[in-house]
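To start, the structure under review is shown below, and the notes come after it.
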Amino acid sequence: MILILNCLLEEKSVNDFNKAMKKHLGNLPINYEIIRVREAGKIANLNVYSHLIISGSGASPAEDNPWNSDLEKIIKHFVNNKKPILGICYGHQFLVRVLAGVDHVRKAEKGEIGFASIDIDDNEIFNGIVDPVFSVAHYEEVFDLNEDFKIIARNKNCAVHAFQYKNLPIWGTQFHPEYGPEDTRANINEYREKDPDFEKYYIYDLEDEKKTIQNKLIFDNFISSNKICLRPHHLMCIQSYIGKGYSEEFVKNMDIVVGSLRENKDQIIRLVEGNDHVCSHCPHNIDGRKCESDEKVVTMDRKVLKYLEITPGEYSYSQLFNRLKEKLTDEAFRDICGDCEWYELCH
């Protein structure tokens with residue numbers, strides 16, 4: 001189920017966003033729940049949600065709003081568990097506040113209201129989208145992001161119109177993929193009436209309204225981004241797994257992960273640095289951030305990458321399985337796993 005946090009303040013804006021999301025998600029094979037961000041603290045169980053979408057807002061991500069701590073807690077849960085996040089406008093900026101710090105959010109050097117042409121990179125969130133024109137409405141922006149953030153979209157006014165975080169299914173978009181021409185024209189008229197400096201920010205690059213039809217693909221691509229994440233040394237564990245583990249909860253989760261991979265070796269997985277879907281139910285997992293034996297498992301991860309001659313990224317499981325058969329010698333296996341408590345069982 002998708003958790004959608006509506007951060008908008010005015011009731012009309014709240015309802016317009018909800019309508020737009022229902023339009024885009026109504027025909028997709030997944031359930032969703034829309035909750036006002038001010039009610040986020042009442043969410044009892046985040047584990048029931050597979051995806052998170054955070055809306056825009058009239059609030060500033062640099063301000064201390066009543067919902068900040070609840071929203072930060074939710075974001076950290078999704079990040080630590082490698083679950084997909086899409087932050088839109090304010091959501092994009094608040095993600096940066098949480099992941100990099102509030103010092104990386106500022107008043108935009110050139111705000112935008114209207115429709116803007118956006119230069120995009122080759123990225124799974126943009127699959128099927130060519131030379132897009134997106135709805136925009138922002139006075140703030142993110143800047144000076146570190147190497148954890150891959151900038152994947154920009155235009156003449158905004159250097160970071162979209163990013164992906166740490167090769168994870170975590171994206172922020174400064175633009176609004178949810179709004180089409182009708183919604184955007186209504187937004188333009190509202191801004192024109194209430195902002196005396198409107199003309200400074202007005203932009204309208206849209207020449208053909210049909211061009212915006214493709215923008216909804218961002219939501220399709222986002223929904224399909226929920227791939228299994230594995231840290232490198234868990235590739236080794238999966239090969240010898242026989243239903244034993246650190247706890248009953250760990251074994252149940254491992255059964256699901258291993259069963260899925262063995263059933264469909266062509267599925268795409270994300271090879272990641274740090275905690276993964278296997279770690280998520282391990283009793284040695286510290287707050288979703290790292291392992292109690294972090295130094296040891298990070299060394300194991302690095303050795304796997306070295307021996308298999310690969311880097312973190314996306315692969316089909318069959319590619320990685322064949323790589324193991326091709327590259328992994330008995331000597332390499334001992335070097336990687338010799339200090340592991342499960343070595344004798346796996347050997």
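The values are calculated or read from the model by the stated rules, or taken from the named source; none is laboratory data. Because the structure is predicted, anything quoted here is derived from the model rather than measured. Glycine also receives a Cβ, built like all others from the backbone with ideal geometry; neighbour counts cover every protein chain displayed. The accessibility values were calculated without ligands, DNA or RNA, using every heavy atom of the protein model including side chains. Shrake-Rupley method; radii C 1.70, N 1.55, O 1.52, S 1.80 Å.
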*Could you please let me know if Asp266 is of a type in the set (D, E, K, R), open to solvent by less than 30 Å² (accessible area, probe 1.4 Å) and in contact with a helix residue (DSSP H, G or I) (Cβ under 8 Å, 6 or more places away or on another chain)?*
no
_Given the condition part of a helix (DSSP H, G or I), under 26 Å from the mean Cα position of the chain (by Cα) and either surrounded by fewer than 18 Cβ atoms within 10 Å (Cβ to Cβ) or touching a residue at least 24 places away in the same chain (Cβ under 8 Å) (or both), answer yes or no: does some residue in segment 330-341 qualify?_
no
*Ile213 passes all but one of (1) crowded, with 16+ Cβ neighbours inside 10 Å; (2) at pLDDT 90 or above; (3) not in a loop (DSSP other than H, G, I, E, B); which number fails?*
(1)
*Starting from segment 252-265, take each residue that is closer than 16 Å to Gln319 by Cα and list its partners that are in a helix (DSSP H, G or I) and open to solvent by 10 Å² or more (accessible area, probe 1.4 Å), counting only C-beta distances under 8 angstrom and pairs at least six apart or across chains.*
Lys265/Ser318; Lys265/Phe321
*State the number of residues belonging to segment 72-126 that are small (Gly, Ala, Ser) and under 24 Å from Met21 (Cα atoms).*
5
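Filter segment 298-329 for residues that are of a type in the set (A, V, I, L, M) and not in a helix (DSSP H, G or I); which is modelled with the highest pLDDT? Step through it out loud before you land on a result.
So the first thing to find is which residues in segment 298-329 are of a type in the set (A, V, I, L, M), and the list is 298, 300, 304-305, 308, 310, 320, 324, 328.
Checking which are not in a helix (DSSP H, G or I) leaves us with 310, 328.
Numbers: Ile310: 93, Leu328: 89.
The residue in question is Ile310.
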*asked:* Tell me the residue from His284, His277 that is open to solvent by 20 Å² or more (accessible area, probe 1.4 Å), of a type outside the set (Phe, Trp, Tyr) and farther than 23 Å from Ile74 by Cβ, please.
replied: His284
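Could you please find all residues in segment 28-42 being closer than 16 Å to Ser13 by Cβ, outside any helix (DSSP H, G or I) and open to solvent by less than 40 Å² (accessible area, probe 1.4 Å)? Working first, answer last.
Taking segment 28-42 as the starting set, the residues that turn out to be closer than 16 Å to Ser13 by Cβ are 34-38.
This time we only want the ones that are outside any helix (DSSP H, G or I), so: 34-36.
Across segment 28-42, the qualifying residue is only Ile35.
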_Residue among Lys73, Lys22, Lys83 that is among the basic types (Lys, Arg), out of contact with any Asp or Glu (no Cβ under 9 Å at 6 or more places or on another chain) and open to solvent by less than 40 Å² (accessible area, probe 1.4 Å)_ = Lys83
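Yes/no per residue for (1) of a type in the set (A, V, I, L, M, F, W, C); (2) crowded, with 21+ Cβ neighbours inside 10 Å; (3) within 16 Å of Leu86 (Cα to Cα); (4) modelled with pLDDT of 95 or more:
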{"site": "Glu112", "(1), (2), (3), (4)": "no, yes, no, yes"}
{"site": "Ser117", "(1), (2), (3), (4)": "no, no, no, yes"}
{"site": "Ile125", "(1), (2), (3), (4)": "yes, yes, yes, yes"}
{"site": "Ile129", "(1), (2), (3), (4)": "yes, no, no, yes"}
{"site": "Phe143", "(1), (2), (3), (4)": "yes, no, no, yes"}
{"site": "Glu147", "(1), (2), (3), (4)": "no, no, no, no"}
{"site": "Ala159", "(1), (2), (3), (4)": "yes, no, no, yes"}
_Lone unmet requirement of (1) buried (at least 21 other Cβ atoms within 10 Å of the Cβ); (2) touching a residue at least 40 places away in the same chain (Cβ under 8 Å); (3) closer than 19 Å to Gly87 by Cβ for Ile152_ = (2)
_Suppose we keep only residues that are modelled with pLDDT under 90 and farther than 30 Å from Ala108 by Cβ within segment 216-235. Which one would you say is least open to solvent (accessible area, probe 1.4 Å)?_
Cys229
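For Ser240, are the conditions met, namely being polar (S, T, N, Q), farther than 27 Å from Ile53 by Cβ and either open to solvent by 30 Å² or more (accessible area, probe 1.4 Å) or within 23 Å of the chain's Cα centre (by Cα) (or both)?
On the way: polar (S, T, N, Q): yes; farther than 27 Å from Ile53 by Cβ: yes; either open to solvent by 30 Å² or more (accessible area, probe 1.4 Å) or within 23 Å of the chain's Cα centre (by Cα) (or both): yes.
Criteria met by Ser240.
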*Say whether the condition of being in contact (Cβ under 8 Å) with a residue 40 or more places away in the chain and in a helix (DSSP H, G or I) is met by at least one residue in segment 224-233.*
no
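Restricting attention to segment 55-76, does a residue exist that is among the β-branched types (Val, Ile, Thr), in a loop (DSSP other than H, G, I, E, B) and farther than 19 Å from Val142 by Cα?
From segment 55-76, those among the β-branched types (Val, Ile, Thr) are 74-75; that's our starting set.
Next, from what is left, pick out any that are in a loop (DSSP other than H, G, I, E, B): none.
There is no residue in segment 55-76 that is among the β-branched types (Val, Ile, Thr), in a loop (DSSP other than H, G, I, E, B) and farther than 19 Å from Val142 by Cα.
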